[in-house]
Amino acid sequence: MSAESTDQYHPGLEGVIANETAIANLEGKEGSGGLEYRGYRIEDLANVVSYEETAFLLLHGDLPSASQLRDFDARLRAARALPDPLVDLFRKIPPTIHPMDVLRTSVSVLSHYDPDVNAPPGDHAANVRKAERMIAQMPTAVAYHDRIVKGLPLVEPRGDLDHAANFLNMVNGSVPSETMRHAFDLSLVLYTEHELNASTFSARVTVSTLSDIYSGIVAAIGTLKGPLHGGANEEAWKVLEQVGAPENAERWIQDALARKERIMGFGHRVYKTGDPRSRILKEYCTKLAAEVGDDRWERIAEPIEKAVTTQKALPPNVDWPSARLYHYMNLSIELYTPIFAMARVAGWAAHIVEQLDHNRLMRPRARYIGPPNRSVTPLKNR
Ligand code: SDX
């Protein structure tokens, strides 16, 4: 690496601008931090637009008209079914395999049955069609695998249910209340996109070699799985379970902070004054706790949130409230990160399409810190 570029090293690429994008902005007003999708503030989108409208916005650049939404929604509902070989595979995969690993496999298998499988990697229209299929099929894959592992009969996708209600019905075998449906739909809207986070970066690097969108999404799923990223929502629930009761919370968090433990669901590489998504979701945690008649988890979460926010200056991120939200929806904790993935696939796909529309191979450098030039000792002397 040439001498003049050694000061370019940023561990974890912190603060490095690696792409230009028109999809999401995390700067907020006057750079105070805030999330916008295609120029719309998340606070203005939340509770107003559905996940379907959000996915259309990200993939097509603007919010859909009523007729555009009708057509898009009809395409998604018609594309929810899975190829039989994938359902058969769910019955053969060891039941102990984590659903995030099975989702990674599922998307790989789905790519083999995609009608556009032979389209050129940079074919914009074909990539959008593939993205729509993945948006439609990933929830079915997550739900079917969950039901099979639990020894429950499959609940087929229902054309009369929207994206959020259909998924909850396929998993739980019953149509959710409007409060549950709306809260789940909102969580999907908030999880859909987040600029150049690790999994989105992974997707963009992958297709920057002119590899295909499915390879990019599989790479992104593998990246999202990690507990420093998407896997944090599952870990955040384990924190609450570990504490167990409100009266244990203060002692637990003070001991954890004293041990300098990393508290899952808190902190963010970009947001330093709080994650707007966490604030929006917290309101729904209270609502759903009331609907299920158990506010214990809210009373456990509050002192932990207060302590980490004030003592470590680390506000909660999106994963802290989403863990409780999904618990109230009776979803297994192993599904929390797959749900993050099935929401984020719209954002990943939008970035993949954007990357391929104006591609340049991504190939950063590394600063060499290994041993200096050495001469080879022949084997007979080693
Ligand atoms: C997501 O990038 C995105 O946009 C991601 C995401 C998206 O929508 O795609 O927003 C989704 O991934 C949210 C983040 C989910 N991850 C977690 O909740 C895991 C816990 N959080 C941390 O691991 C951490 O906050 C990160 C990974 C999120 C950010 O870490 P950074 O920017 O690399 O910061 P760091 O690890 O260098 O920590 C800086 C300091 C350290 O203290 P010192 O060693 O300097 O004394 O802050 C401390 C850390 O120990 N710290 C924490 C902490 N997070 C950072 N201490 C306790 N608990 C934490 N959660």
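Bear in mind these aren't lab numbers, they're just calculated from the coordinates by the rules spelled out. Just so it is clear, the model here is predicted, and its values are computed rather than measured. Ideal geometry is used to build each Cβ from the backbone, glycine not excepted, and the neighbour counts take in all protein chains shown.
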Where a Cα-Cα gap under 26 Å defines reach, which lysines qualify for K287, not counting those fewer than 8 residues away within the same chain?
K238, K306
Kyte-Doolittle mean at least -0.5 and Cα extent at least 24 Å along the axis: which DSSP H helices of the chain qualify?
124-149, 276-292, 336-357
Once the dipole of region 46-130 is set up from charges on Cβ (+1 Lys and Arg, -1 Asp and Glu), the residue from the list V128, P115, F56 lying farthest towards its positive end is P115
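Under a point-charge model restricted to the Cβ atoms of Lys and Arg (+1) and Asp and Glu (-1), what is the dipole moment magnitude of the chain relative to its Cα centre, in debye to the nearest 20? List each step's numbers first, then the result.
Details: 43 positive and 49 negative charges, 313 e Å.
Magnitude of the dipole: close to 1500 debye.
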How high is the FRET efficiency between H358 and I97 when r is their beta carbon distance and R₀ equals 41 Å, given to the nearest 0.05?
0.60
Per DSSP, the loop-located trypsin sites (Lys or Arg not before Pro) within region 245-312 having at most 10 other beta carbons within 10 Å are R259, K260
Order of W237, W252, W320 from fewest to most other C-beta atoms within 10 Å?
W252, W237, W320
Label-point separation in nm, V292 to K260, each point 7 Å along Cα→Cβ
3.6
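Treat the count of other C-beta atoms within 10 Å as a stand-in for reagent exposure and order M138, M170 from fewest to most.
Fewest-to-most ranking of M138, M170: M170, M138.
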How big, in percent, is the set of alpha carbon pairs in region 43-145 lying more than 23 Å apart?
37
In debye to the nearest 20, the charge dipole size for region 236-382, taken about the Cα centre with +1 at each Lys and Arg Cβ and -1 at each Asp and Glu Cβ, equals 1400
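Relative contact order, percent, of the chain when contacts are C-alpha pairs under 8 Å separated by at least 6 residues? Write down the numbers at each step before the final one.
Details: 521 pairs, mean separation 88.1, N = 382.
It rounds to 23 percent for the chain.
Out of region 235-280, which GluC sites (Glu not before Pro) are coil in DSSP terms and have no more than 15 other C-beta atoms within 10 Å? Each step should come with its number before you reach the end.
Values: sites: E235, E241, E247, E250, E261; in loops: E261.
Qualifying residues, ordered by number: E261.
Does region 98-252 come out rounded, prolate or oblate by the C-alpha gyration tensor, with a ≥ b ≥ c the root eigenvalues, rounded set by a/c under 1.5 and, if not, prolate when a/b is larger than b/c and oblate if not?
Values: a/c = 2.06, a/b = 1.36, b/c = 1.51.
Note, shape of region 98-252 comes out oblate.
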Two-site FRET efficiency, L152 against A74, from Cβ-Cβ distance with R₀ of 30 Å, rounded to 0.05:
0.55
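In deg cm²/dmol and to the nearest 500, what is the mean residue ellipticity at 222 nm of the chain if only DSSP H runs of at least 4 residues count, each as -39500 (n - 2.57), divided by the residue total?
On the way: 16 runs with 212 residues, N = 382.
It comes out at -17500 deg cm²/dmol, rounded to the nearest 500.
Rounded to the nearest 0.05, what FRET efficiency do S67 and E250 give with R0 = 41 Å and r taken as the Cβ-Cβ distance? Could you check?
Details: r = 55 Å, r/R0 = 1.33.
So the FRET efficiency works out to roughly 0.15.
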Extension length gain for K306 and V109 (0.36 nm per residue less Cα distance), in nm, is 66.5 nm
Which whole-percent values make up P(r) of region 1-97 when all C-alpha to C-alpha distances are grouped in 10 Å steps starting at zero?
11, 25, 21, 24, 15, 4
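Within region 9-66, list the GluC sites (Glu not before Pro) lying in a DSSP loop whose Cβ has at most 11 other Cβ atoms in a 10 Å radius. Let's see the in-between values first.
On the way: sites: E14, E20, E27, E30, E36, E43, E52, E53; in loops: E14, E20.
Here the GluC sites (Glu not before Pro) that fit, given the DSSP loop and packing criteria, are E14, E20.
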For region 198-327, the Debye formula with one identical point scatterer on each Cα and no solvent gives log10 I(q)/I(0) at q = 0.18 Å⁻¹ as -0.95
Give me, ordered by chain and number, the residues 5 or more places off G34 or on other chains with an amide H under 5 Å from its own placed amide H.
E27, G28
Mind listing the Cα extents of region 135-182 along all three principal axes, in Å, largest one first?
28, 21, 14
